[in-house]
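*Asks:* Input: one structure, supplied below.
Nothing in this text is a laboratory measurement; each read-out follows from the coordinates by a stated rule. Fair warning: this is a prediction, and the values are worked out from it, not measured in the lab. Positions of Cβ are backbone-derived with ideal geometry, glycine not excepted, and every protein chain shown enters the neighbour counts.
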Amino acid sequence: MTYYLYKTTMIKKCLFNNFFKKIKFLFVLLIIIQINGCALHDHKINISIEDYSIEQLYELSKKEINKKNWEAAKYYIKKITADFNTKTVYQDALIDLIYISWKEGKLDESLSQISSFTKIYPRNPRIDYLLYIRGLINSTSDKFIFNFIGKRKISFTKDNKKILSAIKDFNELIEKFPDSKYSAHSRKYIKILNNLLSKNELNIAKYYYDNKLFLAAINHAKEIIEQPNNLYHEEASKIIEESYHIINNDHMSS
């Protein structure tokens, strides 16, 4: 019996020692991995400005942008903007930062950056590009709602303001930079956005027409007629004609 207890105790002790050794090994392994990871991390991001020119840093940032590695790109850009703010590339880096904010979905931040940049550097040769980006942001920052929610309740003002802002941005680009490579695309976007606005007005006009609010229907349909070259002139004209016809008949019968 004594021998059995002794043997059992020794087995338990051996198992405990083996378990402790494994835990110790894993702990040491984790420390080694962490140290190596930190060293690798430091190797990747800790760049001495003295070892890189601003042009080299900018090229590094562009490579990261092309790979959509936004955080890495921002790191290089911050190095540029912190230490080389008197260089021409500095402004290009700020524009790239605006682009990154847009691609990250930080639309308000991107719009704010554009506003600040255009005020500080109004003669920058890439202002047309910033106007183009601002137009794209304003045309996509809110979903364009075609007015009818639930039981045909109207909710459109907020979205229309964004669309109108986008049209204004594209028009400004065309007027100030008629030879810009973004002008042709801006004209296409203006046409698309005007059609969206006209469709929006048509839905509202139809809503008022269906609810026998004919004067309101006429007013919104006229908004469509006043917009040149949109797809909904014919439908708007029909609403105006039929609304006036019903109004006149009501007057004659009364």
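*Asks:* Which of TYR76, TYR207, TYR244 has the fewest other C-beta atoms within 10 Å, and how do the rest follow up to the most?
*Replies:* Ascending Cβ contact count within 10 Å gives the list TYR244, TYR207, TYR76.
*Asks:* Among LEU111, LEU173, LEU164, LEU57, rank each residue by its count of other Cβ atoms within 10 Å, from fewest to most, as a rough exposure measure.
*Replies:* Listing LEU111, LEU173, LEU164, LEU57 from fewest to most nearby Cβ atoms yields LEU164, LEU111, LEU57, LEU173.
*Asks:* Order the peptides 119-129, 196-206 from the highest to the lowest mean number of other Cβ atoms within 10 Å of their residues.
*Replies:* Order by mean packing, descending: 196-206, 119-129.
*Asks:* Further question: Determine the gain in length on full extension of the stretch ASP51-LYS161; use 0.36 nm per residue of separation and subtract their C-alpha separation, reporting nm with one decimal.
*Replies:* 34.7 nm
*Asks:* Students often forget the sequence filter, so: which aspartates and glutamates lie under 17 Å Cα-Cα from LYS238 once same-chain residues fewer than 8 apart are removed?
*Replies:* GLU201, ASP210, GLU223, GLU226
*Asks:* If you average the sequence gap of Cα pairs under 8 Å that are 6 or more apart and divide by the length of region 53-123, what percent do you get for the contact order?
*Replies:* It rounds to 24 percent for region 53-123.
*Asks:* Send over the per residue convex hull volume for region 53-123, Cα only, as a whole number of Å³.
*Replies:* Enclosed volume per residue, from the Cα hull, is 78 Å³.
*Asks:* Test of understanding: what is the full-extension gain from LEU107 to LYS87, defined as 0.36 nm times their sequence separation minus their Cα-Cα distance?
*Replies:* 4.5 nm
*Asks:* Also, quick follow-up: Pull out the extension gain between ASN249 and ILE192, defined as 0.36 nm times the separation in residues minus the alpha carbon to alpha carbon distance; nm, one decimal.
*Replies:* Once the chain is fully extended between ASN249 and ILE192, it gains 16.8 nm.
*Asks:* May I pose another question? For a Förster distance of 45 Å, can you work out the FRET efficiency between the beta-carbons of ARG126 and LYS238, rounded to the nearest 0.05?
*Replies:* 0.45
*Asks:* Give me the distance in nm between label points sitting 7 Å out from Cα along the Cα-to-Cβ direction at LYS168 and LYS78, one decimal.
*Replies:* Calculated label separation equals 3.4 nm.
*Asks:* What order do you get for HIS185, HIS245 when you list them from fewest to most C-beta neighbours inside 10 Å?
*Replies:* By the 10 Å Cβ count, ascending, the order reads HIS245, HIS185.
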